[in-house]
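Take a look at the structure set out below.
The values are calculated or read from the model by the stated rules, or taken from the named source; none is laboratory data. Values in this document were obtained by computation on a predicted structure and should not be read as measured data. Cβ: placed from backbone, ideal geometry, glycine included. Neighbour counts: every protein chain shown. Please note that ligands, DNA and RNA were not included when accessible areas were found on the heavy atoms of the full protein model with its side chains. Shrake-Rupley method; radii C 1.70, N 1.55, O 1.52, S 1.80 Å.
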Amino acid sequence: MGFEPQISSELAAQVARLGLVHEASATVALRRVTELATHTVQGCVGATAVRWSAGRTSEPIDQVGTHPDLAYLSEIQCARRAGPTFEVATDETPVFCADTLAETRWPDYTPLALQRGVRCFADTVHRTGPVIVTLTMYGVSPGALDRRELDVGALLAAQGGAAMSNTRLYEDAHRTATQLRQAVEARSVVDQAKGVLMHAMGCDADTAFNELKRISQTRHVKLTAIAQRIVSGHRAEGLGHR
């Protein structure tokens, strides 16, 4: 029988919370992913996570780390566009290193990792639509990370990507709703200003609107701002006659 990583009910609940778009920003979701990896993956003493743009060349958008030294390792790879994390983001294929001292694939990176006490590491990756998330887990002794438990890391990367995708969709929807509300409010102010001018000038709606446009163009002020001034002035005048 194969080994299966154990996922506690507490971990399941925390993973589920990552998908709640109202809970946090994408960066906070990334930070939670690294914290959960550190607390739940056996042998993992710290982690970094990066959100990448999907495309012909992956570009880092957000990155977080549980420790400054580990964050540096992530940042230097992004800056140099080289190293295991960058390759994982580009190829979308996980990598595993059981002993950094014996590693030969990244000769420019491994000395930096060794200087910071990293003796093994594992990179997982998951894409959710246009969102790519890489999660790197670090150990301080050779073989400290069990390859069989990396499914937990993959789960965290997947849920983190879903959370950030949901956040992006939520932000887009919120932005659209705000724009629609502003458009409705602007239309309402313009209609009120037209009514004021129709009453004052004894004209129809088209003539009143054309007058609003003429004033706007002459004074180089947005039409909605002119309309708001007319409505506010009319209200103030009405109050003054009470």
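A few points about this structure:
- Within the accessible area of region 36-98 (1.4 Å probe), percent carbon and sulfur: 49 percent
- A simple packing score, the average count of other Cβ atoms within 10 Å per residue, orders the peptides 29-40, 131-142, 110-121, 194-205 as 131-142, 29-40, 110-121, 194-205, with the highest score first.
- Sparse packing (at most 10 other Cβ atoms within 10 Å of the Cβ) combined with a DSSP loop state is found for the following trypsin sites (Lys or Arg not before Pro) in region 53-90: R56.
- Accessible area of D62 in the full protein assembly, 1.4 Å probe (Å², nearest 10): 30 Å²
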